[in-house]
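A.B. asks: Could you have a look at this structure, given as structure tokens, before my questions?
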Amino acid sequence: MGGHNPGIKLLDKDGKRIDGRGLYDLRPIKMEIGVLKKADGSAYLEWGGNKVMAAVYGPKPVMPRHLANPYKAVLMYRYNMAPFSVDDRKRPGPDRRSIEISKISRDALERIVMTEYFPNTMIEIFVEILQADAGTRCAALTAASLALADAGIPMRDLVAACAAGKIDGKVALDLKKEEDNYGESDMPLAISPRTGDILLFQMDGLLTKEEYLESLHLALEGAKKVSEMQKKALKDKYKIETLGGEDDKV
Ligand code: CDP
């Protein structure tokens, strides 16, 4: 969040954004499930300029063994940005930002994954950001949740995420890089769509109380749309057919 930059206009005279979107539009999203052979579950997600690969391994023996929990599976989440994912080459390996994102994403999934079914095991979730254009923590969690479902890991719900923020004085959905950099605020959110529980919530920059509520509402609506896309992607992948439905006709 670089604060407002008077040199860069993020909204044109018709109120359109730099990529032509309206204030309440999501960027185009594409989801692909089961793309990696070696992983137990995987998903590839494109969300605007973000390209994200998620892989899930487990439940498997815990390494190192002393971390094993006799009551539940240990969840491990690694968010990693590829060196070529951003404009300036990113130094490989974990940094403060990726450690923070990994922790809060893990904590969000801990509330959803039924870890109690798999004591003394671990479930590893890796998310690689191949190309970044803001909103990567939301894209990563959304992909991770699909990869967990693909791995057949029991979950109370899917996790759907989306951010909202403020650009040129207006609340807007799903900021892209320039909007995140030169806008006034960014608010990433992840929910359990079934219960509406908020699993991850952060905020950068400044908002009035009204803007805060509007932004929260917008991010929630965005996450619900993302969750519908997740359900469709999973159904398409596994071709869930209803008896006597259109799909059953030969
Ligand atoms: O990606 P997200 O919005 O969840 O996190 P952020 O910390 O607000 O980062 C916003 C964007 O800044 C990223 O998506 C990248 O496009 C960019 N970024 C970068 O260029 N270099 C970094 N080391 C970290 C982030």
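A.B. asks: For region 177-227, name all the residues that are closer than 26 Å to residue 113 by Cα, polar (S, T, N, Q) and within 13 Å of the ligand (Cβ to nearest atom).
C.D. replies: 202
A.B. asks: Can you tell me which residues in region 153-180 are surrounded by fewer than 20 Cβ atoms within 10 Å (Cβ to Cβ) and among the aliphatic types (A, V, I, L, M)?
C.D. replies: 155
A.B. asks: Specify the residue that is farthest from the ligand (Cβ to nearest atom); the eligible residues are those in region 127-176 that are in a loop (DSSP other than H, G, I, E, B) and under 15 Å from residue 27 (Cβ atoms). Talk me through it step by step, then tell me what you get.
C.D. replies: Within region 127-176, the first condition is being in a loop (DSSP other than H, G, I, E, B), and the residues that meet it are 132-135, 151-154, 156-159, 168-169, 174-176.
Narrowing further to those that are under 15 Å from residue 27 (Cβ atoms): 132-135, 174-176.
Values: 132: 4, 133: 5, 134: 4, 135: 5, 174: 10, 175: 8, 176: 9 Å.
Ranking the candidates gives 174 first.
A.B. asks: Which of the following residues is within 21 Å of the chain's Cα centre (by Cα), small (Gly, Ala, Ser) and under 15 Å from residue 118 (Cβ atoms): 41, 49?
C.D. replies: Result: 41 is the single residue among 41, 49 that is within 21 Å of the chain's Cα centre (by Cα), small (Gly, Ala, Ser) and under 15 Å from residue 118 (Cβ atoms).
Every number here is computed from the coordinates shown, using simple stated rules; none is lab data. All values derive from a computational prediction rather than experimental measurement. Note that we place each Cβ from the backbone using ideal geometry, even for glycine, and neighbour counts take in every protein chain shown.
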